[in-house]
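**Student:** Here it is, the structure in full.
The values are calculated or read from the model by the stated rules, or taken from the named source; none is laboratory data. Just so it is clear, the model here is predicted, and its values are computed rather than measured. Backbone-built Cβ (ideal geometry, glycine too); neighbour counts: all protein chains shown. Just so you know, the surface numbers come from the protein's heavy atoms only, side chains and all, with ligands and any DNA or RNA stripped out. Shrake-Rupley method; radii C 1.70, N 1.55, O 1.52, S 1.80 Å.
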Amino acid sequence: MPTRETRLLPADDAGIAEGGRVLRAGGLVAFPTETVYGLGANALDARAVEGIFRAKGRPAEDPAIVHLARAADLEQVARVVPPSARRLAEACWPGPLTLVLPKRPAVPANVTAGLDTVGVRVPAHPVAHALIVAAGVPIAAPSANLFGRPSPTSAEHVLEDLRGRIDVVLDGGPTQVGVESTIVDLSGPEPRLLRPGGVPVEAVEAVLGAALLPPPGRSATGSPQVAPGLLDTHYAPRTPLVLVVGDPDAARVALREEVAAALSEGRRVGALLLADDEGLLPAGVVLGRVGRYDAPDESAARLFQALRSLDRRGLDVLFARELADPHAGLGRALADRLRRAAARRIQAAR
Ligand code: TXA
Ligand code: MG
């Protein structure tokens, strides 16, 4: 693809004002949100949005999320805003929750991959908020990574993937949450979870007073993807990752055994390491440290950074065990991202 100069700007008033100008002129600006960095374009300009897909190498059937400065702007992009959406917006915005709603015709078809619904969220990061205000238009933004790579949680990650492909990166430092937004589809008769993320599913269900339907299965090839990462390689490091699942104590044992076996075969080995597992693995393993098993927010903030740094080390194989309870809170999002990153899964025997 044709290369262009990518400017790295500090996310101060001048940088944000320039980002707003570039967006209004149809350009591409990567910016921090509280979850991950997004790659933004004017959501009402089909040609600008086309640029996002080209820069990322993203398939046209993967819809982008539209970012608003405030919930009061919802009607600009959503045709119907049911009471459930108002309640969730009230409770969770600004924040890491995306609502899928019937879309207005003003939103170009390529934003939503031809679907008649649009994913919308109001990000909590002050730079994201200020940039949307400066642009004066809704901003379509998928995560600012090359398609299939782990999402970027710093400006360096964005440059690693997209230097020469986009106009501006606003550097607002590392992101806080570290995993993408929770996506809830409110366009059907019953609310459905499309992706676990930064807002715990339990919190959404408490506001709705009802359980969410589970994410749908894999869609037929070629049809719009209603949930991200149904492709097995989504979020994947280039180095194959082996994920050990099952009872936590059994998984610790299996992780140590698998790592030792790979080392004894002369392979160069890396591992995601929970704080709980300090000292568990043999010497010679390259470690990507995350947080404590009982504090999934710590590991969420570090997961993509750890995967990317392990991926740069020229290793043969990476190992990890589940980073938190996969059935509760942020642990669901961690389990989801790890499963999608993994080339292979091993069930630990009790
Ligand atoms: O936290 C986040 O959500 C980040 C930041 C930048 O906001 N964005 C993000 O975008 O993760 P992305 O493009 O990597 O993931 C968006 C996913 C799509 O893969 C798609 O499956 C889903 O959101 N999505 C968007 N619009 C949709 C729609 N109308 N119907 C169903 N799913 C939709
Ligand atoms: Mg993404």
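**Student:** For the chain, what is the charge dipole size about the Cα centre, in debye to the nearest 20, if Lys and Arg each add +1 at the Cβ and Asp and Glu each add -1 at the Cβ?
**Tutor:** Using Cβ point charges on Lys, Arg, Asp and Glu, the chain gives about 780 debye.
**Student:** Just tell me the longest site-free run in the chain, where the sites are GluC sites (Glu not before Pro) in a DSSP loop having at most 11 other beta-carbon atoms within 10 Å.
**Tutor:** 6-264
**Student:** So for the chain, what percent of the C-alpha to C-alpha distances run longer than 38 Å?
**Tutor:** So the portion of pairs separated by more than 38 Å is 15 percent.
**Student:** Can you sort SER143, SER299, SER264 by solvent-accessible area, 1.4 Å probe, largest first? Don't skip to the end; give the middle numbers.
**Tutor:** Values: SER143 30, SER299 0, SER264 100 Å².
From most exposed to least exposed: SER264, SER143, SER299.
**Student:** Give me the percent of DSSP beta bridges within region 94-222 that run antiparallel, rounded to the nearest 5.
**Tutor:** Of those bridges, close to 60 percent are antiparallel.
**Student:** Looking at the square roots a ≥ b ≥ c of the eigenvalues of the Cα gyration tensor of region 230-314, which shape do they give, rounded for a/c under 1.5, prolate if a/b is larger than b/c, or oblate?
**Tutor:** The shape class here is rounded.
**Student:** Take the alpha carbon gyration tensor of region 1-124, find the square roots of its eigenvalues, order them as a ≥ b ≥ c, and report rounded if a/c is under 1.5; if not, report prolate when a/b exceeds b/c, else oblate.
**Tutor:** oblate
**Student:** Report the charge-dipole magnitude of region 10-119 in Debye, nearest 20, computed about the Cα centre from +1 at each Lys and Arg Cβ and -1 at each Asp and Glu Cβ.
**Tutor:** Dipole about the Cα centre, nearest 20: 260 debye.
**Student:** Of all the accessible heavy-atom surface of the chain, with the other protein chains kept in place and a 1.4 Å probe, what percent is carbon and sulfur?
**Tutor:** Roughly 52 percent of what the probe reaches on the chain is carbon or sulfur.
**Student:** Distances over 11 Å make up what percent of all Cα-Cα pairs in region 22-67?
**Tutor:** Beyond 11 Å sits 65 percent of the P(r) for region 22-67.
**Student:** Using a simple charge model, +1 on the beta-carbon of Lys and Arg, -1 on the beta-carbon of Asp and Glu, nothing else, what dipole does region 271-350 show about its Cα centre, in debye to the nearest 20?
**Tutor:** For region 271-350, the charge dipole is close to 380 debye.
**Student:** So, one more: Evaluate the relative contact order of the chain (contact order divided by residue number), counting alpha-carbon pairs under 8 angstrom at least 6 apart; express in whole percent. Walk me through the numbers before you get to the answer.
**Tutor:** Values: 826 pairs, mean separation 68.0, N = 350.
In percent, rounded to a whole number, it is 19.
**Student:** Quick one: which residues, 5+ away or cross-chain, put their amide H under 5 Å from the amide H of VAL286? H built at 1.01 Å from N.
**Tutor:** Hits under the 5 Å cutoff: VAL269, GLY270, ALA271.
**Student:** Residue separation times 0.36 nm, minus the C-alpha to C-alpha distance between GLN76 and GLU160: what's the value?
**Tutor:** Taking 0.36 nm per residue and subtracting the Cα distance, the gain is 26.8 nm.
**Student:** Picking from GLY26, ALA250, PRO94, whose Cα lies most toward the positive end of the charge dipole for the chain (charges on Cβ: Lys, Arg +1; Asp, Glu -1)?
**Tutor:** GLY26
**Student:** In whole Hz, with x marking every Gly and Pro, tabulate ³J(HN,Hα) for region 292-302 from phi via Karplus 6.51 cos²θ - 1.76 cosθ + 1.60, θ = phi - 60°.
**Tutor:** The phi angles translate into 8, 4, 8, 10, x, 4, 5, 6, 4, 5, 10 Hz.
**Student:** Using only the alpha-carbon atoms, how far is helix 13-24 inclined from the longest principal axis of the chain? Give it as 0 to 90 degrees, nearest 10.
**Tutor:** Helix 13-24 sits at roughly 70 degrees to that axis.
**Student:** What share of the DSSP beta bridges in the chain is antiparallel, in percent to the nearest 5?
**Tutor:** The antiparallel proportion sits near 35 percent.
**Student:** Each residue of region 35-50 in order: what ³J(HN,Hα) in whole Hz does its phi give by Karplus 6.51 cos²θ - 1.76 cosθ + 1.60, θ = phi - 60°, with x for Gly and Pro?
**Tutor:** Per residue, the Karplus-derived 3J(HN,Hα) values read 8, 9, 6, x, 10, x, 8, 4, 5, 9, 10, 4, 5, 5, 5, 3 Hz.
**Student:** Restricting everything to alpha-carbon atoms, can you work out Rg to Rh for region 97-176 with a Kirkwood hydrodynamic radius?
**Tutor:** Working: Rg = 13.9 Å, Rh = 14.3 Å.
My calculation puts Rg/Rh at 0.97.
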